1. Return yes when ALA176 is in contact (Cβ under 8 Å) with a residue 60 or more places away in the chain and of a type in the set (Gly, Ala, Ser) and no when it is not.
2. Here are the criteria: (1) more than 8 Å from the ligand (Cβ to nearest atom); (2) crowded, with 19+ Cβ neighbours inside 10 Å; (3) at pLDDT 95 or above. Tell me which single one ASN350 does not satisfy.
3. Between VAL361, VAL389, VAL322, which is modelled with pLDDT of 95 or more, away from the ligand (no atom under 13 Å from the Cβ) and β-branched (Val, Ile, Thr)?
4. Could you list, in sequence order, all residues of region 303-317 that are within 13 Å of the ligand (Cβ to nearest atom) and not polar (S, T, N, Q)?
5. Tally time: how many residues in region 184-220 are over 15 Å from ALA326 (Cβ atoms), within 19 Å of the chain's Cα centre (by Cα) and within 13 Å of the ligand (Cβ to nearest atom)?
6. Considering PRO244, PRO238, PRO205, which residue is more than 30 Å from ALA289 (Cα to Cα) and of a type outside the set (A, V, I, L, M, F, W, C)?
7. Can you name every residue in region 360-400 that is within 24 Å of GLN241 (Cα to Cα) and among the hydroxyl-bearing types (Ser, Thr, Tyr)?
8. Looking only at strands (runs of 3 or more DSSP E) that lie completely in region 266-339, which have at least 1 residues being in contact with a Lys or Arg (Cβ under 9 Å, 6 or more places away or on another chain) and without any contact (Cβ under 8 Å) to a residue 24 or more places away in the chain?
Amino acid sequence: MTALAQRKIVLGVTGGIAAYKSADLTRRLQDVGAEVRVVMTPAATQFVAPLTFQALSGNPVHLDLLDPAAEAAMGHIELARWADLVLVAPASADFMARLAHGLADDLLTTLCLATDAPIVLAPAMNRLMWRNPATRDNVALLQRRGIRLLGPTAGSQACGEVGEGRMLEPLEIVQALSEEGAGQGRLAGRTVLVTAGPTYEAIDPVRFIGNRSSGRMGYAVAAAARRAGARVLLVSGPSQQSTPPGVERIDVTSAAEMYRAVMDRLGEIDIFIGAAAVADYRPAQAANAKIKKDAETLTLALERTEDILQAVAMQPRPPFTVGFAAETHDLERYARDKLARKKLDMIAANWVGGETGFDSVDNALEVFWADGHASLGRQSKDKLAEQLVDLIAERYHAKHSA
Ligand code: C5P
């Protein structure tokens, strides 16, 4: 069984000469056990007749958004819900532009807006259209939202030019989808460990040093990684958040316990995301009995805790390692410094002390990696987590295909 067996795939065909290859693609997808329903844009029907796809897929071809007969059989929302995966091949420059800007002016764009299934595009266009800054920006925007691209490749083009813009061959598309487990999430088959929440460092049996972290961001990241198909381990300090569905939670209290819990599982994980607000210092000696208030002043000697993130990143074969940085000033400088010094793959930095940050529902993140940067604007921590996990998946796959 391949990853595509019994998957329900909406195959979107847009207007380009490569549309003729999608007839073969329909067949190839069915060969590996997928169920295919074809949606064509009006321009696509100029290249290949809908009847071709109807005969090959064994299902009526969906053409119009506002066709009462088609809507009565399977409406566009039903189709959007039916899909496990939306594959658009060929994806034209015009289609990607409309998708990037959230237009819903035909059945295919509407369906893409209305589905929560993963969307994969196989672009095909003239090499200059592919290289055009407008297309580059649209592609970057779509990828930031978690839409995956397969190809294009370089080669001779229908227009007589030679360059990048050729659609992948149908077999290559099927292979790529099967291997990466598309339709089951971008992190299918990977194990992600997320640390979340504060740590409590004992002063005596009843008192501790803690911080204001609610754990909300880490829990949202764990939930998003799980939705992306990963096995997720959540090592959590004391937090009121409820465990996201399907996530394995390991409760800890102190930095030392969190360190142990993470180190014990290092062999199992592909991606480490350190979202916990780990205490940097702990009382050097926790008192065995409650400290009495005899003295006018009390001095506590503190010692450094283990730097969990650094310990993970310094392993001989580290997982893809993502840190967080909460800063009150010089955000980029400190974040980039931490990225390099701790040998991280990525760092997500946010401003604290203002309206966003530790205990708030909203947050905003500036994400840095060695040769890139993305600003994830202010929004709920759930949405932010979704985008961050998309970025992590993208960089993780880029690193492993390099
Ligand atoms: O250097 P700084 O503590 O600001 O780095 C913050 C990042 O390091 C966060 O990702 C946090 O989870 C992680 N961290 C850690 N262990 C510590 C301190 C911080 O994993 N002892």
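The values are calculated or read from the model by the stated rules, or taken from the named source; none is laboratory data. Owing to the predicted nature of the structure, the values given are computational and were not obtained by experimental measurement. In this analysis, Cβ positions are derived from the backbone assuming ideal geometry, glycine residues included, and neighbour counts consider all displayed protein chains.
1. For ALA176, the condition - in contact (Cβ under 8 Å) with a residue 60 or more places away in the chain and of a type in the set (Gly, Ala, Ser) - is not met.
2. In the conditions (1) more than 8 Å from the ligand (Cβ to nearest atom); (2) crowded, with 19+ Cβ neighbours inside 10 Å; (3) at pLDDT 95 or above, ASN350 misses (3) alone.
3. VAL389
4. GLU303, ARG304, GLU306, ASP307, ILE308, LEU309, ALA311, VAL312, ALA313, MET314
5. Residues that pass the stated criteria total 2.
6. Going through PRO244, PRO238, PRO205 in turn, just one is more than 30 Å from ALA289 (Cα to Cα) and of a type outside the set (A, V, I, L, M, F, W, C): PRO244.
7. SER360, SER380
8. 302-304
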